[in-house]
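Trainee: Once you've had a glance at the structure underneath, I'll fire off some questions.
Just so it is clear, none of the values below were taken in a lab; they were calculated from the coordinates. Here the structure is a predicted model, which is why all the values come from computation and not from measurement. Neighbour counts run over all protein chains shown; Cβ positions are idealised from the backbone, glycine included.
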Amino acid sequence: MTVKATVGAVCVSPDKGTKKKDVGRAVLVKDYGIENDGHANSNTHRQVSLLSLSSIEKMKKLGLEVSSGDFAENITVSGMNVSDLPIGTRLKIGNEAVVEITQIGKECHNHCAIFSQVGTCIMPVEGVFARVIEGGEISTGTPITLV
């Protein structure tokens, strides 16, 4: 079975705890994260966050006007449910970049604006985190394959 996944959006923000903006393209830096993103850090296993487009669509069905980056994810993935991937899974993004899934979900210490609006949020359950194994440029439409 071949999964036809692509990068749906590439999102960054200079600060932690804020929504990210879809910038269309970015550089993944080995053992660091996305260049110019507030969450990039060589001392963590959560260098990059990913969220499936289908997860965002679930929240839209609850009546929220949300889009890529609103959940502070770096990479929105179209065509693959990233929360179903086991820890240790490696994804090749484009011709060079490789990330390894290190964590599924997260504890939200302060309920975000999304949670306050509808009583739930998807990142704690469906968001995944990864470390950058190999760097490279990524952009909207870049293919994603399982390694």
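Trainee: Which residue out of Val29, Val23 is out of contact with any strand residue (DSSP E or B) (no Cβ under 6 Å at 6 or more places or on another chain), over 22 Å from Glu126 (Cα atoms) and among the aliphatic types (A, V, I, L, M)?
Mentor: Exactly one of Val29, Val23 is out of contact with any strand residue (DSSP E or B) (no Cβ under 6 Å at 6 or more places or on another chain), over 22 Å from Glu126 (Cα atoms) and among the aliphatic types (A, V, I, L, M), namely Val29.
Trainee: Any idea which of (1) crowded, with 20+ Cβ neighbours inside 10 Å; (2) more than 16 Å from Glu126 (Cα to Cα); (3) hydrophobic (A, V, I, L, M, F, W, C) is the one Leu64 doesn't satisfy?
Mentor: Here Leu64 meets the rest and fails (1).
Trainee: Only one residue in Glu96, Glu73, Glu57 is buried (at least 18 other Cβ atoms within 10 Å of the Cβ), of a type in the set (Asp, Glu), under 24 Å from Leu146 (Cβ atoms) and out of contact with any helix residue (DSSP H, G or I) (no Cβ under 6 Å at 6 or more places or on another chain). Which one?
Mentor: The conditions single out Glu73.
Trainee: Quick one: is Ala72 more than 18 Å from Thr140 (Cα to Cα) and not polar (S, T, N, Q)?
Mentor: Here the answer is no, as Ala72 does not meet what is asked.
Trainee: Looking at the stretch 1-26, which of its residues are in contact (Cβ under 8 Å) with a residue 60 or more places away in the chain and surrounded by fewer than 14 Cβ atoms within 10 Å (Cβ to Cβ)?
Mentor: Matches in the stretch 1-26: Val3, Lys4, Gly24, Arg25.
Trainee: Could you count how many residues in the stretch 31-41 are crowded, with 16+ Cβ neighbours inside 10 Å and either among the polar types (S, T, N, Q) or touching a residue at least 24 places away in the same chain (Cβ under 8 Å) (or both)?
Mentor: At the first step, the residues of the stretch 31-41 found to be crowded, with 16+ Cβ neighbours inside 10 Å are 32-34, 37-40.
Then drop every residue that is not either among the polar types (S, T, N, Q) or touching a residue at least 24 places away in the same chain (Cβ under 8 Å) (or both), which leaves 32-34, 37-39.
The number of residues fulfilling the criteria is 6.
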